[in-house]
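The values are calculated or read from the model by the stated rules, or taken from the named source; none is laboratory data. Treat the numbers as computed from the prediction; the structure is a model and nothing was measured. So basically every Cβ, Gly included, is an ideal-geometry build from the backbone, and we count neighbours across all protein chains shown.
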Amino acid sequence: MFRQRPPRGTTLLLSSGVVTFLTSRRSTSAVRVRGRGFTLLEIMVVVALVAVLGSMSLSAYEALTSRANFSSVLGNLVSSLAQTRMEAAGRGVDTAFVVDTRNNRWWGVEAPSGWSVAGFDPNNPGTVIVRATFPAGSGKAVFGPPDGYGKTLPSPLARVPIIPSQNPAFPYCSFCDPATGMGGIVFHPNGSATFSGATVSSGLVGQQFTVYGPNDGRTVLIAVTGRSGWVEVVE
């Protein structure tokens with residue numbers, strides 16, 4: 001007996017002994033999947049980024065990193081100074097911000113009656129509010145440079161001693177004791193500030209110290225006014 005083979009893609013229906021072939025209309029062609037590629041604009045952006053990164057030398061990258069680290073160190077110092085100032089009003093007692101320019105460190109401490117930087121002991125600083133030391137390596141900072149900021153400030157800070165004719169104790173720390181390289185800024189609860197260390201002239205607006213980044217040559221001056229204890233950062 002001859003048996004007809006159903007064509008591929010058909011369905012058999014059996015009804016009353018009759019076999020019917022139903023041919024499927026479904027296409028047997030392969031399904032083509034289209035993947036999304038990169039646009040010309042995307043390729044151009046990638047090429048531009050590679051070119052920019054390739055043009056940055058290692059030294060340029062290190063300079064950028066060093067500058068960012070120095071800014072972080074400077075921010076920590078200024079924050080410590082501001083906190084010491086605020087604690088005078090908050091605690092109702094004098095506080096002192098002490099800088100040690102020879103060992104590149106600082107403290108914020110309570111300053112009881114009669115306190116002076118001459119009697120300050122780094123190993124026994126008293127009631128400490130903050131303390132820190134400048135880091136080495138990338139972002140290294142020191143008190144300096146030897147010539148300080150190098151120019152006078154505009155009004156109202158023009159009388160802050162900076163240049164030699166204004167007789168600062170050091171160009172980079174106008175109130176520091178020449179014998180020890182240490183100085184103290186004493187904040188009072190009424191908001192004013194006085195200075196301990198070198199003998200300073202009366203009638204001055206305030207005093208200053210500078211911070212130097214040897215890796216990138218940045219010099220930043222921090223001035224403190226006497227009448228209001230205001231802190232001004234100048235670069």
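May I ask you to say which residue of 121, 177 is under 16 Å from residue 96 (Cα atoms), exposed (fewer than 12 other Cβ atoms within 10 Å of the Cβ), among the charged types (D, E, K, R) and out of contact with any His (no Cβ under 6 Å at 6 or more places or on another chain)?
Within the list 121, 177, the selection yields 121.
Out of the residues in region 87-122 that are farther than 15 Å from residue 180 by Cα and without any contact (Cβ under 8 Å) to a residue 12 or more places away in the chain, state the one that is nearest to the chain's Cα centre (by Cα).
In this case the residue turns out to be 90.
Of the residues in region 144-159, how many are surrounded by 15 or more Cβ atoms within 10 Å (Cβ to Cβ), out of contact with any Leu (no Cβ under 6 Å at 6 or more places or on another chain) and under 18 Å from residue 231 (Cα atoms)?
4
Consider residue 142 carefully, then state whether it is aliphatic (A, V, I, L, M), more than 18 Å from the chain's Cα centre (by Cα) and either modelled with pLDDT under 95 or more than 22 Å from residue 234 (Cβ to Cβ) (or both).
Answer is no for this residue.
So which strands (runs of 3 or more DSSP E) are wholly in region 138-235 and hold at least 3 residues that are out of contact with any helix residue (DSSP H, G or I) (no Cβ under 7 Å at 6 or more places or on another chain)?
Per the criteria, 193-196, 206-213, 218-225.
Being touching a Ser or Thr at 6+ places or on another chain (Cβ under 8 Å) and β-branched (Val, Ile, Thr) is the filter here; which residues of region 96-113 pass it?
109
Is one or more of the residues making up region 124-133 under 27 Å from the mean Cα position of the chain (by Cα) and either farther than 24 Å from residue 72 by Cα or assigned to a loop (DSSP other than H, G, I, E, B) (or both)?
no
What residue, of 205, 220, 211, is out of contact with any Phe, Trp or Tyr (no Cβ under 7 Å at 6 or more places or on another chain), within 15 Å of residue 144 (Cα to Cα) and buried (at least 16 other Cβ atoms within 10 Å of the Cβ)?
When all the criteria are applied, what remains is 220.
Go through the residues of region 160-171 one by one and say whether even a single one is closer than 21 Å to residue 109 by Cα and aromatic (Phe, Trp, Tyr).
No, that holds for no residue.
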